[in-house]
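The structure's right below; bear with me while I get my questions together.
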């Protein structure tokens, strides 16, 4: 894949990479870190290589990754124009929840330290949710809430969809406080991840099965990737 990344980097203009919204956002949000590097700037090209080396056609992504996928499509079009129509342009597959807000209101990201991980236990989830900022206009417990400006309610719409009307009404009528609302959200998130945590635990306890899955997948992918790289070298006359 590193070899394909190099070839794609040769046809991807720097201006294309610099206009990527995700890169621009990271430059601002991660100002304390050095992100003006080849690694950060060229990461979408590496993602593209990862997709097309196995001729991926449908790519499950979040809404924030759509610019990366569109950049990949542009790179594919340019490669095909220069060397022959070989790669297909991958299409995005969005889930029902296209973008998940983090605990600080920004997009949920490991880089921002605002993520609730699939592996987090209920206590960890509760601690993270308890730190979230709620309705800034609700000063006292008896004040009516404004769910439309509350980050916790945004997540309730995802994880408490079956009772969202009651959550909204209880907030507006000050029947529940922000702490109660957070604890309810934490329970809903923990419940939604319970089966995943158990499956993850079972897999981690069976290392042989994991290694077997990796080995089988590696063998399958290498066959496709080797054929792809042979074709690419031929197209580039290398």
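Does the range 224-238 hold any residues that are surrounded by 11 or more Cβ atoms within 10 Å (Cβ to Cβ) and part of a helix (DSSP H, G or I), and which are they?
Those that are surrounded by 11 or more Cβ atoms within 10 Å (Cβ to Cβ) and part of a helix (DSSP H, G or I): 224, 225, 226, 227, 228, 229, 231, 232, 233, 234, 235.
Let me ask you something else. Here are some residues: 118, 93, 100. Which one is within 30 Å of residue 148 (Cβ to Cβ) and out of contact with any helix residue (DSSP H, G or I) (no Cβ under 9 Å at 6 or more places or on another chain)? Please lay out each step first, then the result.
Numbers: 118 fails: out of contact with any helix residue (DSSP H, G or I) (no Cβ under 9 Å at 6 or more places or on another chain); 100 fails: out of contact with any helix residue (DSSP H, G or I) (no Cβ under 9 Å at 6 or more places or on another chain).
Sole residue among the options that is within 30 Å of residue 148 (Cβ to Cβ) and out of contact with any helix residue (DSSP H, G or I) (no Cβ under 9 Å at 6 or more places or on another chain): 93.
Suppose we filter 57, 96, 91, 70 for residues that are without any contact (Cβ under 8 Å) to a residue 12 or more places away in the chain and in contact with a strand residue (DSSP E or B) (Cβ under 9 Å, 6 or more places away or on another chain); which single one remains?
70
Between a residue in the range 191-202 that is touching a residue at least 40 places away in the same chain (Cβ under 8 Å) and outside the structural domain of residue 158 (by TED's automatic domain parsing) and any residue that is surrounded by 11 or more Cβ atoms within 10 Å (Cβ to Cβ) and assigned to a helix (DSSP H, G or I), which pairs come within a Cβ distance under 8 Å, given they are 6 or more apart or on different chains?
As it stands, the answer is none, since no pair meets every condition given.
With the requirement that a residue be surrounded by fewer than 16 Cβ atoms within 10 Å (Cβ to Cβ) and part of a loop (DSSP other than H, G, I, E, B), what does the range 105-135 give you?
Across the range 105-135, the qualifying residues are 105, 106, 113, 117, 118, 119, 121, 131, 133.
So residue 45 ticks every box in (1) within 30 Å of residue 193 (Cβ to Cβ); (2) surrounded by 14 or more Cβ atoms within 10 Å (Cβ to Cβ); (3) in contact (Cβ under 8 Å) with a residue 12 or more places away in the chain but one. Which box is left unticked?
Answer for residue 45: the failing condition is (1).
Could you list, in sequence order, all residues of the range 60-103 that are surrounded by 16 or more Cβ atoms within 10 Å (Cβ to Cβ), part of a loop (DSSP other than H, G, I, E, B) and more than 15 Å from the chain's Cα centre (by Cα)?
87, 90
Quick one: which residue in 176, 213 is in contact with a helix residue (DSSP H, G or I) (Cβ under 6 Å, 6 or more places away or on another chain) and at pLDDT below 95?
176
Another question, if that's okay. Within the range 180-209, can you find the residues that are more than 25 Å from residue 125 (Cβ to Cβ) and assigned to a helix (DSSP H, G or I)?
207, 208, 209
Same structure, new question: Does the range 145-157 contain at least one residue that is more than 23 Å from the chain's Cα centre (by Cα) and under 30 Å from residue 23 (Cβ atoms)? Step through it out loud before you land on a result.
Of all residues in the range 145-157, those more than 23 Å from the chain's Cα centre (by Cα) come to 145-149.
Add one more test, that the residue is under 30 Å from residue 23 (Cβ atoms), and what stays is 149.
Looking for residues that are more than 23 Å from the chain's Cα centre (by Cα) and under 30 Å from residue 23 (Cβ atoms), one finds at least one in the range 145-157, hence yes.
Separate question: Under 8 Å between Cβ atoms, at least 6 apart or on separate chains: pull out the pairs that start in the range 3-22 with a residue that is assigned by TED's automatic domain parsing to the domain that holds residue 79 and on the phi > 0 side of the Ramachandran plot and end on any residue that is assigned to a loop (DSSP other than H, G, I, E, B) and at pLDDT 90 or above.
none
If I filter the range 136-154 down to residues being in contact with a helix residue (DSSP H, G or I) (Cβ under 6 Å, 6 or more places away or on another chain) and closer than 14 Å to residue 102 by Cα, which single residue comes out as surrounded by the most Cβ atoms within 10 Å (Cβ to Cβ)?
152
The values are calculated or read from the model by the stated rules, or taken from the named source; none is laboratory data. All of these numbers come straight from a predicted model, not from anything done at the bench. Note that each Cβ is placed from the backbone with ideal geometry, even for glycine, and that neighbours are counted across all protein chains shown.
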